[in-house]
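Throughout, read-outs are computed from the coordinates displayed, never taken from laboratory work. The structure displayed is predicted, hence computed values, not measured ones. So basically every Cβ, Gly included, is an ideal-geometry build from the backbone, and we count neighbours across all protein chains shown.
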Amino acid sequence: MAISPDSSHKALEVPRHLDSGLGEILCDDGTLSEQDFKRILAAQSERGECFSDVALRLGLITELEVRRALAIQCELSTSLPGNPSFSTALSMIHRPRGERAEAIRTLRSELIRRCFSKGHQILMVAEVRPNDGANVLAADLACAFAQLGRRTLLIDANLRDPQQQSLFKLDRQRGLVDFLKGSCNPQDLLQTMPGFYHLSVIFAGHPPSNPQELLSLTTLRYLFESVQKAFDTGIVVAPPLAHCADAQAIAARVDGCILSTRRDSTPLSDIEFAAAQLSSTKAELLGVVLDS
């Protein structure tokens, strides 16, 4: 019986959630030039195809190169689950197939659709009251976006009670406070996370005596403008809205906000108060996350 040459070979299919990061991997290893990358993006926007499909159709890469990059991207999508270098509170690392991790991915998809697909790049994650979950939510979201292959920067702007250094278990003497005071450049503060190809963090630094005044400086706006040029996604952790006005100063400079609340703990009146506080800023309140 004759066998058709195509019947034993299935065309390469790349899942869309992995395809998004292939371009950067292929550029970083020299397979694609910057000019090739821009050419693929232009063709991709015209026809709505996947990055890998366009690159293959144009003959700029081979199927073997796609498979190699896909293997790297698949490794990134789990990013060292169970890594003891990070707090066990981070579901995207220690329980990547758990219920909470899947909920984070669903939230990520909604944020891409409602915020980041519109050209917005910086999201603020705030909580109504202390311990309402904003710190862990922001860290998990940052990991989730990085696992998509998006260049992601997590900024801890909770200058009163910073938590990101504890979550990522890294000792960093300088942080956002030092930049806002003008004593260093943002590049000096970037901390790359072990095992995460696309995730960087700027920690808060030592809590200052005047956090609201520092966050109100135009220096913060300059930082966010730099983030928009160097990263695909910026996630900023803010202090509790019910305890201080710091989050409003941050919200005035970001594209969108989400509120983290606790099930059976955060009063509805507090949520309404927080929403009213944000309404005076330009940032869009994208939603309220109910954590358990």
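Comparing PHE203, PHE168, PHE145 in a Gaussian network model of the chain where C-alpha atoms under 10 Å apart are linked, the largest mean-square fluctuation is found at PHE168. Given a 10 angstrom Cα cut-off, can you work out which residue in ALA245, ALA139, ALA42 is the most mobile in a GNM of the chain? It is ALA42. Phi-derived couplings, Karplus 6.51 cos²θ - 1.76 cosθ + 1.60 at θ = phi - 60°, listed residue by residue for region 50-62: 6, 4, 5, 4, 5, 4, 5, 4, 7, x, 8, 9, 9 Hz, with x used for Gly and Pro. Here are labelled values, (1) 16.8; (2) 17.9; (3) 13.9, and one is the computed mean projected area of the Cα convex hull in nm² for what I pasted. Which one? Checking each listed value against the structure points to (2).
A run of the chain free of exposed loop cleavage sites, with trypsin sites (Lys or Arg not before Pro) counted only in DSSP states other than H, G, I, E and B and at most 12 other beta carbons within 10 Å, reaches its longest extent at 170-262. Straight-line cross-link reach from LYS282 at under 12 Å between alpha-carbon atoms covers these aspartates and glutamates, not counting any fewer than eight positions away in the same chain: ASP255.
Using +1 at the Cβ of each Lys and Arg and -1 at the Cβ of each Asp and Glu in the chain, identify which of LEU189, ALA276, LEU141 lies farthest towards the dipole's positive end. Checking the options against the dipole of the chain, the answer is ALA276.
Of GLN173, GLN191, GLN163, the residue with the greatest mean-square motion in the GNM of the chain, using alpha carbon springs below 10 Å, is GLN173. State the antiparallel share, in %, of DSSP beta bridges confined to the chain, rounding to the nearest 5. Counting DSSP beta bridges with both partners in the chain, the antiparallel share is about 5 percent.
A cut-off of 5 Å between modelled amide H atoms, ignoring neighbours fewer than 5 places along the same chain, links ASP291 with THR261, ARG262, ARG263. Once the Cα-Cα distance is subtracted from the 0.36 nm per residue extended length, the CYS27 to THR218 segment shows a gain of 65.3 nm. Projecting the Cα atoms of LEU199, ILE61, PRO239 onto the charge dipole of the chain, computed from C-beta unit charges around the Cα centre, puts PRO239 farthest toward the positive end. Arranged from fewest to most other beta-carbon atoms within 10 Å of their beta carbon, MET193, MET124 become MET193, MET124. 3J(HN,Hα) along region 198-204, derived from phi through the Karplus expression 6.51 cos²θ - 1.76 cosθ + 1.60 where θ = phi - 60°, amounts to 10, 10, 10, 9, 10, 6, 6 Hz, with x in place of Gly and Pro. Note on the chain: with charges restricted to the Cβ of Lys and Arg (+1) and Asp and Glu (-1), its dipole about the Cα centre is near 120 debye. Taking Cα centre as origin and charging only the Cβ of basic (Lys, Arg, +1) and acidic (Asp, Glu, -1) residues, the dipole magnitude of region 170-292 rounds to 220 debye.
Taking the DSSP bridge list for region 109-264 and keeping only pairs wholly inside it, about 10 percent are antiparallel.
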